[in-house]
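Just so it is clear, none of the values below were taken in a lab; they were calculated from the coordinates. Keep in mind that this is a model prediction, so the values were computed, not measured. Here Cβ is always computed from backbone atoms with ideal geometry, including for glycine, and neighbour counts include all displayed protein chains.
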Amino acid sequence: MLDPYIGGLTIQQVHCGTLQSFIRDRLKAGKSPGTVNRDLAVVRRILNLCARLWRDESDRPWLDTAPLIQMQRHPNKRTPYPLSMEEQRLLFSELARHLARMALFKVNTGTREHEVCSLRWSWEVRVPELETSVFIIPRTHVKNGIERYVVLNRIAKAVIEGCRGEHEEFVFTEEMRGGQRLPQSRMNNSGWKAARRRAAARYERELGRPCPAGFRSIRVHDLKHTLGYRLRAVGVQFEDRQSLLGHKAAHVTTHYSAADISNLISCAEKVCDLGSRKSPALSIVRPGGGAEVLESVGGKGGTRTLDPGIMSAVL
């Protein structure tokens with residue numbers, strides 16, 4: 001894409017000024033500022049390597065300094081939309097069975113879309129001391145390049161057990177015509193978008209209020225934001241939230257003890273029993289609207305692991 005614009009220039013001539021025609025044409029073609037920024041990030045990375053790492057035959061850097069590549073402002077950047085429990089039930093009820101499984105796992109583990117789609121049985125590690133297992137995702141499959149420990153609360157564990165034995169390699173698969181099961185390459189597909197439209201059409205009738213714009217455009221990544229919100233709402237500490245969500249931080253390690261895993265499981269279990277529906281700590285205050293109360297997933301005392309409707313849709 002860049003060759004027609006800067007392919008004939010020397011590396012010293014590549015800077016914000018010479019990239020303007022590329023930026024203008026990409027925006028004119030309907031690409032979002034975020035997409036253009038991802039294109040520019042490649043240019044910025046190469047220029048930084050030219051100044052800081054790569055050397056010519058005289059052992060000098062290709063550039064004395066890397067020019068500043070200014071990112072595009074994103075005035076319409078979409079803000080995260082954490083789901084209330086009633087919204088989650090509405091959306092998940094419209095998802096195909098394989099997508100509902102993946103979504104329920106994602107909203108209870110904070111995994112990224114790629115991590116869910118590529119999850120393998122070979123990554124499951126038993127923790128005998130706790131009579132459970134965790135998934136350790138290799139750094140090659142993790143965005144921040146650090147091994148990811150995925151602990152399972154009882155809802156995530158129920159999803160995993162429902163998938164066990166269906167495929168010898170991948171956890172999440174879809175049954176195709178002829179009975180063959182294939183892994184999913186992505187969750188944000190036409191099935192997700194169609195389910196989102198159907199759920200939005202039912203929203204006002206079933207929830208008694210107009211459907212918010214954020215729900216109409218709900219993203220797969222919003223499931224990760226939803227878990228982050230719920231963990232914060234039930235009082236899980238910041239460092240534990242970072243570990244559960246797989247965020248890169250100074251305290252995050254590539255090795256966890258059984259005690260560390262036990263603590264993280266306890267934190268993850270808290271979102272299964274969100275407590276009183278009337279607690280103000282568990283309500284979502286939307287801009288320009290009222291507060292939506294998060295409903296409990298578990299019954300009193302944690303005797304009910306999943307809402308029956310979700311259980312039937314997922315398992």
Would you mind giving the average projected area, over all directions, of the Cα convex hull of segment 85-214 in nm² with one decimal?
9.4
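Using packing as a proxy for protection, rank 80-88, 11-19 so that the peptide with the highest average count of other Cβ atoms within 10 Å comes first.
Values: 80-88: 20.9, 11-19: 14.2.
Ranked from most to least packed, the peptides come out as 80-88, 11-19.
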So, by mean Cβ neighbours within 10 angstrom, what's the order for 259-265, 100-106 with the highest one leading?
100-106, 259-265
Normalised contact order of segment 1-77, rounded percent, pairs of Cα under 8 Å and 6 or more residues apart:
32
If you take the square roots of the eigenvalues of the alpha-carbon gyration tensor of segment 144-259 and sort them as a ≥ b ≥ c, do you get rounded (a/c under 1.5), prolate (a/b over b/c) or oblate?
oblate
Order 140-150, 220-230, 121-131 from most to least packed using the mean count of other Cβ atoms within 10 Å.
220-230, 140-150, 121-131
Amide H of N189 versus every other amide H placed in the peptide plane: which residues, excluding those fewer than 5 positions away on the same chain, fall under 5 Å?
none
Which trypsin sites (Lys or Arg not before Pro) in segment 1-51 pass both tests, a DSSP loop state and at most 13 other beta-carbon atoms within 10 Å?
none
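Which whole-number percentage describes the relative contact order of segment 143-276, with Cα contacts under 8 Å and a sequence gap of 6 or more? Each step should come with its number before you reach the end.
Values: 90 pairs, mean separation 42.5, N = 134.
Value for segment 143-276: 32 percent.
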Unsatisfied cross-links (Cα-Cα over 29 Å) in the set K28/K224; K157/K224; K31/K270; K31/K157:
K28/K224; K31/K270; K31/K157
One-quarter of the Cα convex hull surface for segment 1-77, in nm²?
5.5
